[in-house]
Amino acid sequence: MRAPTDADVRRVFDRMADRYDDQMQAWERRLFPGSREWAVAQARGHVVEIAAGTGLNLPLYADDVTVVGIELSERMLDLARRRLATAGLGDRMELRQGDAQRLDLPDGVADTVVSTFTMCTIPDPLAAAREASRVLKPGGRFVLAEHGPASNPVLRAGMRLVEPLFLRFAADHLTRDPRTFLEEAGFHIESVSRTSRGVGFRVLAVRP
């Protein structure tokens, strides 16, 4: 099956925006409990969040960080901006329409890049990883909460079987291993842990 393009991803998330929070939170309760909170807790200093979605992470950040959130889908971005306004966080957070594969940000501007359940849908995850490296300061962290191929071989085979449907309707690569792209982009992977069902990844990577 043809891999989703940038236009496909934008269209999918514009369409699902109004039900995204409920669907994502249901998946997270079942398969990735606490992963989003873990990722945000690793953030330090000036944060760039790629594919910020509807802004689910924004109220979770500590008071001493500043955040620029980048989101491709205009509809998702509208919802994120509402969440930002409701939470009264506009003095230290900013949301921009943009592409994680081509960030409109200077080199070395970020202390932390955060990605929660996004590398699975970005058409070129290696380009996104390289952009994350570019905008990070030396020694900066790339923090990911992500899903990927299950550690259980039977479950992994099942994921591969249904993956074409997820690609078609949700632009979601179920079995991408996020570590591959980070390593190829030059990151040093500091730690990796898996969720109890072996589908989720929590990854801390450092720009040398």
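The values are calculated or read from the model by the stated rules, or taken from the named source; none is laboratory data. Since the model is a prediction, treat every value here as computed from it, not as a measurement. When we count neighbours, we look across all protein chains shown, and the Cβ atoms used for this are built from the backbone with ideal geometry, even at glycine.
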Item to complete: Being among the β-branched types (V, I, T) and either out of contact with any helix residue (DSSP H, G or I) (no Cβ under 9 Å at 6 or more places or on another chain) or part of a loop (DSSP other than H, G, I, E, B) (or both) is the filter here, so list the residues in the range 185-208 that pass it.
Response: T195, V199, V206
Worksheet, complete the sentence: Scanning the range 5-14 for residues that are under 25 Å from L105 (Cα atoms) and either crowded, with 17+ Cβ neighbours inside 10 Å or not acidic (D, E) (or both) gives T5, A7, V9, R10, R11, F13
Worksheet item: In the range 125-156, what residues are surrounded by fewer than 18 Cβ atoms within 10 Å (Cβ to Cβ), at pLDDT 95 or above and small (G, A, S)?
Response: A127, G139
Fill in: Test set (1) more than 16 Å from the chain's Cα centre (by Cα); (2) part of a loop (DSSP other than H, G, I, E, B) - T175 fails condition number
(1)
